[in-house]
Amino acid sequence: MPSNPWVLCGDFNNVLHSEDRMGTPATAAETQGFQNLIDVLQFTPLRSKGLEFTWSNKQEGSNRVYGKIDWALGNYEWIQIGHVEAEFLNLNTHLFYFN
């Protein structure tokens, strides 16, 4: 069944994989719900550039945690458009644009 191109982007307040967090490890239980949602919607994370981590708890020293919680997700039809990637510009401000 044909579908229109879809992109979904924003602050999902969740990491997708354990390597998307630095400081406090992400557990499988934390990532499972978000991963299931992406699978059900048949979305794929778009390529990105800029900041690897888009959030910080702003604490000092060993208490600091960084995470990638901002995502740009596209369906198969969106990805077929061509060279599309999201650029994450600022930590904790959730600014990005498509290039």
Kindly list the number of the only condition in (1) at positive phi; (2) not in a loop (DSSP other than H, G, I, E, B) that fails for LYS58. (2)
Please work out if THR24 is part of a loop (DSSP other than H, G, I, E, B) and in contact (Cβ under 8 Å) with a residue 12 or more places away in the chain. yes
Mind listing just one residue for me: the one in the range 48-99 that is modelled with pLDDT of 90 or more and of a type in the set (Ser, Thr, Tyr) and, of those, surrounded by the most Cβ atoms within 10 Å (Cβ to Cβ)? TYR66
Pairs please, first residue from the range 73-99 and within 20 Å of PHE53 (Cα to Cα) and among the charged types (D, E, K, R), second anywhere and at pLDDT 75 or above and assigned to a loop (DSSP other than H, G, I, E, B), Cβ atoms under 9 Å, 6+ apart in sequence or on different chains. GLU85/LEU46; GLU87/LEU51
Selection status of SER3, more than 11 Å from the chain's Cα centre (by Cα), more than 26 Å from ILE81 (Cβ to Cβ) and not charged (D, E, K, R): no
Hey, among the residues in the range 6-47 that are at positive phi and under 12 Å from the mean Cα position of the chain (by Cα), which one's least open to solvent (accessible area, probe 1.4 Å)? GLY10
Note on the range 56-71: residues touching a Phe, Trp or Tyr at 6+ places or on another chain (Cβ under 7 Å) and touching a residue at least 40 places away in the same chain (Cβ under 8 Å) are TYR66, GLY67, LYS68, ILE69, ASP70, TRP71
If the Cβ limit is 7 Å and pairs must be 6+ apart or interchain, which residue in the range 38-49 that is assigned to a strand (DSSP E or B) pairs with which residue that is of a type outside the set (Lys, Arg) and open to solvent by 50 Å² or more (accessible area, probe 1.4 Å)? THR44/ILE79
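The values are calculated or read from the model by the stated rules, or taken from the named source; none is laboratory data. These numbers come from a predicted model, not from an experiment. Counting neighbours? That spans all protein chains shown, and the Cβs are built from the backbone with ideal geometry, glycine included. Please note that ligands, DNA and RNA were not included when accessible areas were found on the heavy atoms of the full protein model with its side chains. Shrake-Rupley method; radii C 1.70, N 1.55, O 1.52, S 1.80 Å.
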